[in-house]
Each structure stands twice: as structure tokens, then as C-alpha cells.
1. I want to confirm something. Restricting to segment 75-88 and keeping residues that are aliphatic (A, V, I, L, M), closer than 13 Å to Arg57 by Cα and out of contact with any Leu (no Cβ under 6 Å at 6 or more places or on another chain), which single residue is surrounded by the fewest Cβ atoms within 10 Å (Cβ to Cβ)?
2. Can you tell me which residues in segment 43-74 are free of Cβ contacts under 8 Å to residues at least 40 places away in the same chain, farther than 15 Å from Leu128 by Cα, open to solvent by 50 Å² or more (accessible area, probe 1.4 Å) and outside any strand (DSSP E or B)?
3. I'm told His117 meets every condition in (1) modelled with pLDDT of 80 or more; (2) surrounded by 17 or more Cβ atoms within 10 Å (Cβ to Cβ); (3) closer than 23 Å to Glu72 by Cα except one. Can you identify the failing condition by its number?
4. For segment 58-80, name all the residues that are of a type outside the set (Lys, Arg) and either over 13 Å from Ala127 (Cβ atoms) or touching a strand residue (DSSP E or B) at 6+ places or on another chain (Cβ under 6 Å) (or both).
5. Go over the candidates Gly17, Gly21, Gly91, Gly29 one by one and state the one that is over 15 Å from the mean Cα position of the chain (by Cα), small (Gly, Ala, Ser), surrounded by fewer than 11 Cβ atoms within 10 Å (Cβ to Cβ) and part of a strand (DSSP E or B).
6. Within the set of pairs 6 or more residues apart or between chains, which connect a residue that is under 11 Å from Cys95 (Cα atoms) and among the hydrophobic types (A, V, I, L, M, F, W, C) inside segment 121-138 to a residue that is part of a strand (DSSP E or B) and open to solvent by 10 Å² or more (accessible area, probe 1.4 Å) with Cβ atoms less than 6 Å apart?
7. Can you find even one residue in segment 43-60 that is farther than 30 Å from Lys90 by Cα and over 17 Å from the mean Cα position of the chain (by Cα)?
Amino acid sequence: MFGDSIANHEARAMLGGLRTGLLVYIDVGCGFAAARRCLRALGYAWDDVAVLGYDQRAQLVLDATGVDVSTEVAKPSTGVFAVVLALLLKGAPVCMAGFSLRQAGHAYSASNQPRHHVQADMSLLRALAKNERLCTTAADVAERTGIALVAGVGA
């Protein structure tokens with residue numbers, strides 16, 4: 001998100017003025033202080049923050065799915081990691097909406113930038129498909145992963 005790619009610029013544009021209760025920040029080596037400055041400059045706000053390292057993210061995913069994501073190639077997208085976190089909370093059902101397993105494009109972007117996590121995401125989502133609390137509104141995600149499709153949606 002902090003680089004100069006088109007996808008990073010678009011992601012920053014989408015975050016401007018938004019807020020969250022809990023910000024989960026995956027530290028990629030620049031530290032949270034730099035991220036805090038960038039996010040505050042965008043007008044992004046939060047009530048609390050949890051900073052995780054790569055190893056901590058990998059352990060959470062392994063605990064939830066049995067899938068090892070400790071390498072760069074196996075790293076899931078932010079959205080799929082959010083699904084893992086939501087399922088770890090063991091509360092309400094988790095319904096995935098706005099997800100795609102296409103090789104290019106992001107819901108917030110018209111630029112059709114390549115997605116670098118498709119295979120890793122499919123691997124994790126297939127492992128999560130047996131979780132009865134997980135469903136999706138996207139027929140293609142349901143077909144490719146085995147996650148339950150919400151009735152009447154995605155046709």
C-alpha cells in the first residue's frame with residue numbers, strides 16, 4: 001500500500017476518510033510509525049491497533065487452516081487474511097462479499113492490475129470451506145473453493 005504502483009495509489013485513494021475500530025497492521029519492515037503517518041495523512045482513523053509480523057500472520061493462518069503461508073509465494077491477500085481473523089473470533093457467521101479469484105483486477109479499481117495472491121487465496125479458502133460459519137455471495141468463489149454460496153445470490 002505504501003509503494004508507487006497503480007494498485008497502491010488506488011488503495012490509498014479508497015482509504016481516505018474512512019475509519020475502523022481495530023486496525024490490524026502487518027509490518028513488512030517499515031514499522032508502524034511510518035504507516036501511522038501515511039494513514040493519518042490520508043484521513044484514515046482507528047480506535048485501536050494490533051501490529052503483527054509476517055511470522056505471527058503465518059502462525060495465525062496455520063492455526064486456523066493448517067496451511068503454511070510463511071513464504072512470499074504462499075502469502076494470502078489482505079481480504080482472505082481478514083476472513084481468517086474473523087473466523088478465529090468464533091462469533092457470528094462470516095459472509096465473503098466482493099471477492100474474486102480472477103488473476104487480474106480489484107473491486108475498487110478499474111485499472112485491472114494483476115493480483116498476486118490468487119493461488120494462495122484459493123488454497124486457504126479451500127481449507128476454510130469446511131467451516132460452517134463461512135459463506136460467500138460470489139458464485140465463482142463458491143465453485144472454485146467449495147465455500148457455501150448464500151442462497152439466491154451470485155446467480
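1. Going through segment 75-88, the residues aliphatic (A, V, I, L, M) turn out to be 80, 82-88.
Right, trim to closer than 13 Å to Arg57 by Cα and you get 80, 82-85, 88.
Checking which are out of contact with any Leu (no Cβ under 6 Å at 6 or more places or on another chain) leaves us with 82-85, 88.
Working: Ala82: 14, Val83: 24, Val84: 22, Leu85: 18, Leu88: 12.
Among those residues, the one meeting the criterion is Leu88.
2. The answer is Tyr54, Asp55, Gln56, Gln59, Ser70, Thr71, Glu72.
3. (1)
4. As a first pass, look at segment 58-80 and keep what is of a type outside the set (Lys, Arg): 58-74, 76-80.
Within segment 58-80, Ala58, Gln59, Leu60, Ser70, Thr71, Glu72, Val73, Ser77, Thr78, Gly79 meet the criteria.
5. Details: Gly17 fails: part of a strand (DSSP E or B); Gly91 fails: part of a strand (DSSP E or B); Gly29 fails: part of a strand (DSSP E or B).
Going through Gly17, Gly21, Gly91, Gly29 in turn, just one is over 15 Å from the mean Cα position of the chain (by Cα), small (Gly, Ala, Ser), surrounded by fewer than 11 Cβ atoms within 10 Å (Cβ to Cβ) and part of a strand (DSSP E or B): Gly21.
6. Leu134/Val94; Cys135/Cys95; Cys135/Ala148
7. Let us first name the residues in segment 43-60 that are farther than 30 Å from Lys90 by Cα, namely 43.
Next cut, over 17 Å from the mean Cα position of the chain (by Cα) only: 43.
Yes, some residue in segment 43-60 is farther than 30 Å from Lys90 by Cα and over 17 Å from the mean Cα position of the chain (by Cα).
The values are calculated or read from the model by the stated rules, or taken from the named source; none is laboratory data. Please read all numbers here as calculations on a predicted model, not as lab measurements. Don't worry about glycine lacking a Cβ; one is built from the backbone with ideal geometry, like all the others, and counts go over all protein chains shown. All accessible areas refer to the heavy atoms of the entire protein, side chains included, with ligands and DNA or RNA removed. Shrake-Rupley method; radii C 1.70, N 1.55, O 1.52, S 1.80 Å.
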